[in-house]
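S.K.: So that we are looking at the same thing, I have put the structure below in structure tokens.
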Amino acid sequence: EFLSLFVPPPSVPMKFLNSAVLAVVAAAFSSDSYTAHGFAFVPNVSLARTSSVSSRVRPAATAAAFPRSRAGASSRRGAVMASADGYTVGVVGATGAVGVEIVNCLVSRGFPTRNLRIFGSPRSAGKDVPDGKGGTCTVEPFGVDACRECDVVFLAVSGDFSLEHAKAISSGDDGAVVIDNSSAFRYDPDIPLVVPEINGECTKGAKLIANPNCTTAIGLMALWPIHKLFGLKKVIMSTYQAASGAGQPGMDELKEGTRAVLSGEREVAENSIFAHPLPFNVIPHIDKFQENGYTKEEMKVTWETRKICGLPDDFPVSCTAVRIPTYRAHSETIVVETERPIDVVAARKAIEEAPGVKLMDDTISDPPIYPMPLTATGQEDIECGRIRRSEVFGDYGLEFFVSGDQLLRGAALNAVLVAEVMSKNGSLSSKVAA
């Protein structure tokens, strides 16, 4: 019965009917029996199956500082140091896709929150939004002074907004710690750009922290253990980025465009968020083109990889970023040349033991196991697989594939992990306790 949903009306052009795009077809048929997961919507019965498959390759050992699973958040309470009353936490932009997930991550990870304050525009003020616990929280009008009353403020807003307000919120001993999800401060040499499992120590004593680009954060989770083991010499990345990278409007445009084509209303979907129609298409263009021919999204990977990993300013990193018609979770093909000879077995072991990474690398099983948006969606860990010696760089090269939830590991989760690290290292304190 489920497969019958994939049968299109006669008005759909045959050029669209290839297996590569059928994964997004279910986006047009959302109902109570379907769940948003990876490739648009899939039946709930499939979620149980993919979850059990993932458990077959889950590493046994984990780093205590970075628990691996979203499940069992209550068991992690107490891992973050705070006063008994917890922190006053502010979120600006909590109605957007990333802001919603920040609130959810605070709850699912048991972050010690005494008081949650949601700030929005005058138009949003007074509205009730979900608090992640099944209740609601009333949106307050944004104000710098109100935000400064908080212990920590998460900014899930535009770069221009962050440039205008972030330093005013965080300045002085009585200011709040600000964790900014925009690109406003990522390349400022005086402001830490942090993936906690890699350079969390940079948060010590800081009041303003920059969250990295989603593509960078997902890729570095797998690149970092390889760098520690073999030393990176060159990095070449190709990305396959979901509509969620453009926020809720991007996901809505994919869903509506897919529905319009499958219903026969249009031969080609309309577009306003993306440069070209995304349904049944791929677009090798994310963000603005630069003078060197790369897009800004691609250069973000280069710039941010160098800064987070402490690499030289001329370290060679090249990226081609492509938007694909999946609903949520980004994937990346990564090819590296290394300073020291590669041992594939040792590389696989390093990936398996790395915090925040789930090894999905069994090409012999039936069906084969490897990273996919379908299984990475909704997971805190990124998935890494297809690990193999590079035919280009030989004994000094490795190739692998990763998938990670763009709204979690690539944004909201990383921000909450930053707050956890700052709580543990004493950089975050409760004003009430003080």
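S.K.: Please list His227, His276, His285 in order of solvent-accessible area, largest first, computed with a 1.4 Å probe with all protein chains present.
M.R.: On the way: His227 40, His276 105, His285 65 Å².
Descending accessible area places them as His276, His285, His227.
S.K.: Continuing with this model, one more query. Using Cα centres only, tell me the gap between segment 375-402 and segment 144-206 in whole Å.
M.R.: Cα centres, segment 375-402 to segment 144-206: 32 Å.
S.K.: Name the residue farthest towards the positive end of the dipole of segment 155-250 from the options Val194, Gly219, Leu208, assuming +1 on Cβ of Lys and Arg, -1 on Cβ of Asp and Glu, about the Cα centre.
M.R.: Towards the positive end, the residue furthest out is Gly219.
S.K.: Stretched out fully, how many nm does the piece from Asp252 to Lys233 gain, at 0.36 nm a residue minus the Cα gap?
M.R.: 2.8 nm
S.K.: Ordering Lys234, Lys307 by how much accessible area each has at a 1.4 Å probe, largest first, what is the list?
M.R.: Numbers: Lys234 85, Lys307 65 Å².
Largest accessible area first, the residues go Lys234, Lys307.
S.K.: For a test of the definition: using alpha carbon positions, the gyration tensor, and the 1.5 limit on a/c, classify segment 106-264 as rounded, prolate or oblate. Numbers along the way, then the final one.
M.R.: Numbers: a/c = 1.89, a/b = 1.06, b/c = 1.79.
Since a/c reaches 1.5 but b/c is at least a/b, the shape of segment 106-264 is classed as oblate.
S.K.: On to the next question. Would any residue of segment 115-132 have its amide N under 17 Å from a label point 7 Å out along Cα→Cβ of Thr138? List them or say none.
M.R.: Answer for segment 115-132: 115-131.
S.K.: Right, here's the next one. Note down the accessible area of Arg114, probe 1.4 Å, to the nearest 10 Å².
M.R.: About 100 Å², ignoring ligands and nucleic acids.
S.K.: With equal scatterers on the alpha carbons only and no solvent term, can you work out the Debye log10 of I(q)/I(0) for segment 282-434 at 0.19 1/Å?
M.R.: With one equal scatterer per Cα and no solvent, log10 I(q)/I(0) is -1.41.
S.K.: Given 37 °C and 0.692 mPa s, how large is the Stokes-Einstein diffusion coefficient of segment 389-434 in µm²/s, with Rh as the Kirkwood radius over Cα pairs?
M.R.: Numbers: Rh = 14.0 Å.
My calculation gives 235 µm²/s for D.
S.K.: Keeping all protein chains in position, work out how much accessible area Thr113 exposes to a 1.4 Å probe, and write it in Å² to the nearest 10.
M.R.: Estimated to the nearest 10 Å², Thr113 gives 50 Å².
S.K.: Let me ask another. Which value, in Å², gives the accessible area per residue of segment 85-185 when a 1.4 Å probe is used on the protein heavy atoms? Before the final figure, lay out the partial values.
M.R.: On the way: 4030 Å² over 101 residues.
Ligands and nucleic acids excluded, the result is 40 Å² per residue.
S.K.: Over segment 234-375, with every protein chain in place, what whole percent of the accessible area is carbon and sulfur at 1.4 Å, could you tell me? Each step should come with its number before you reach the end.
M.R.: Values: 3270 of 6240 Å².
So the carbon and sulfur contribution to the accessible surface is 52 percent.
S.K.: Under a 5 Å amide H to amide H cut-off, with H placed in plane at 1.01 Å, what residues pair with Lys127 once short-range neighbours are removed?
M.R.: Close amide H contacts, sequence-distant or interchain: Val139.
S.K.: Still on this structure, please answer the following. Per-residue HN-Hα couplings for segment 196-211, Karplus 6.51 cos²θ - 1.76 cosθ + 1.60 at θ = phi - 60°, whole Hz, x for Gly and Pro?
M.R.: x, 5, 9, 9, x, 5, 5, 7, 4, x, 7, 10, 10, 10, 9, 8
S.K.: Another question, then. Probe radius 1.4 Å, ligands and nucleic acids left out: which of Trp224, Trp303 has the largest accessible area, and how do the rest follow?
M.R.: Numbers: Trp224 50, Trp303 90 Å².
Highest to lowest solvent-accessible surface, that is Trp303, Trp224.
S.K.: Between Ser121 and Thr333, 0.36 nm times their residue separation minus their Cα-Cα distance comes to what? Spell out each step's value before the answer.
M.R.: Details: separation 212, 0.36 × 212 = 76.32 nm, distance 3.93 nm.
Contour length minus Cα-Cα distance gives 72.4 nm.
S.K.: Tell me, what HN-Hα J-couplings in whole Hz come from the Karplus equation 6.51 cos²θ - 1.76 cosθ + 1.60 at θ = phi - 60° for each residue of segment 380-392, using x for Gly and Pro?
M.R.: Along segment 380-392, the couplings run 5, 6, 7, 9, 9, x, 6, 7, 7, 5, 6, 6, 8 Hz.
S.K.: Let me ask something else about it. Glu267 to Asp85: FRET efficiency via 1/(1 + (r/R0)^6), r the Cβ-Cβ distance, R0 56 Å, to the nearest 0.05? Don't jump to the answer; show the numbers that get you there.
M.R.: Details: r = 59 Å, r/R0 = 1.06.
Plugging the Cβ-Cβ distance into 1/(1 + (r/R0)^6) gives 0.40.
S.K.: Return the long-range amide H neighbours of Ser430 (sequence gap of 5 or more, or a different chain), with a cut-off of under 5 Å between placed amide H atoms.
M.R.: The answer is Ser83.
S.K.: Whole angstrom only: what separates the Cα centroid of segment 310-350 from the Cα centroid of segment 114-138?
M.R.: One Cα centre to the other: 38 Å.
S.K.: For Ser365 and Glu353 in the same chain, what is the full-extension length gain: residue separation times 0.36 nm, less their Cα-Cα distance, in nm?
M.R.: Details: separation 12, 0.36 × 12 = 4.32 nm, distance 2.14 nm.
Contour length minus the Cα-Cα distance gives 2.2 nm.
S.K.: I'd like the accessible area for Phe315: 1.4 Å probe, protein heavy atoms, all chains in place, Å² to the nearest 10.
M.R.: That residue has around 20 Å² of solvent-accessible surface.
S.K.: Additional query: Quick query: amide H of Thr113 versus all other amide H atoms, modeled in the peptide plane; which residues come in under 5 Å with a sequence gap of 5 or more or a different chain?
M.R.: Under 5 Å from the amide H of Thr113 lie the amide H atoms of Tyr87, each far enough along the sequence or on another chain.
S.K.: Determine the per residue accessible area of segment 233-357 with all protein chains present and a 1.4 angstrom probe, expressed in square angstrom.
M.R.: Working: 5470 Å² over 125 residues.
Roughly 44 Å² per residue, with all protein chains present.
The values are calculated or read from the model by the stated rules, or taken from the named source; none is laboratory data. If you're wondering where the values come from, they're calculated on a predicted model, not measured in any experiment. Cβ coordinates were reconstructed from backbone atoms using ideal geometry, including for glycine residues, and neighbour counts include every protein chain displayed. Heads up: the accessible areas ignore ligands, DNA and RNA and are worked out on the full protein's heavy atoms, side chains in. Shrake-Rupley method; radii C 1.70, N 1.55, O 1.52, S 1.80 Å.
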